[in-house]
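What follows is one structure encoded as C-alpha cells, with my remarks underneath.
Taken together, the values in this text are just the output of simple stated rules run on the coordinates, not laboratory data. These figures come from a predicted structure and were not determined experimentally. Neighbour counts are summed over all protein chains in view; Cβ atoms, including those assigned to glycine, are modelled from backbone coordinates with ideal geometry.
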Amino acid sequence: MPGIGTLRASLSSRLPPWGRGVFEATTYFVSLNVAGFATPFLAFQRPVIPGQELLSGFAVSPVLSPRAMLMHYGRTHLAHGIGAMLDGEWIDPLAVPVTSAGPLEAEPLICVPPKPRLWWLRRGAAAVGNVALAAVIP
C-alpha cells in the first residue's frame with residue numbers, strides 16, 4: 001500500500017539503577033528490534049536527556065553500521081530540536097495567594113498565560129515534521 005513503510009517492532013527495558021551521572025544505568029535501555037521479517041537484533045540506547053544532549057540520543061548495535069547509528073543520532077537530535085521549536089512548552093497555571101485590603105476571598109488567584117499565536121499550526125507542523133523524519137531516515 002502506498003504511504004505505509006516497513007513493518008517494525010521493538011521490545012525495550014530500562015537498566016537497573018547502577019552508577020552516577022552520565023554512567024547512570026537507568027538512563028539507558030536495551031531493546032530487541034525487528035524490521036520487516038529480518039533477523040531480530042539487540043541495541044543499547046539512551047534517549048535524549050535535557051542538559052545532556054550531546055551524550056544522549058544514540059543507539060549502539062553490532063548489527064547496525066556506523067553510518068546507520070550516526071543517522072539515528074542525527075535524526076533523534078533533529079526531531080528533538082524541531083519538536084522543541086514548534087511544539088513549545090505549555091506552562092501550567094500558577095496559583096498565587098493574594099493579600100487584599102478589602103474583603104478577603106477564600107480562593108487563590110489563578111494566573112493562566114495566553115496560548116501562543118497560531119498554536120494549532122505549530123502543533124500540526126510538529127506532527128508533520130515527526131512523520132517526515134520517520135519516513136525519510138529509517
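The simple spin-label model puts a point 7 Å past each Cα toward its Cβ; for Phe29 and Leu55 those points are separated by 2.1 nm. Here's how it looks for Gly57: its modeled amide H is under 5 Å from those of Arg46, Val48, Ile49, which are all 5 or more places away or on a different chain.
Highest mean first, what order results for 51-61, 13-23 on Cβ atoms within 10 Å?
Ranking, from highest mean packing down: 51-61, 13-23.
Using C-alpha pairs under 8 Å with a sequence gap of at least 6, the mean separation divided by the residue count of segment 1-61 gives a relative contact order of 25 percent.
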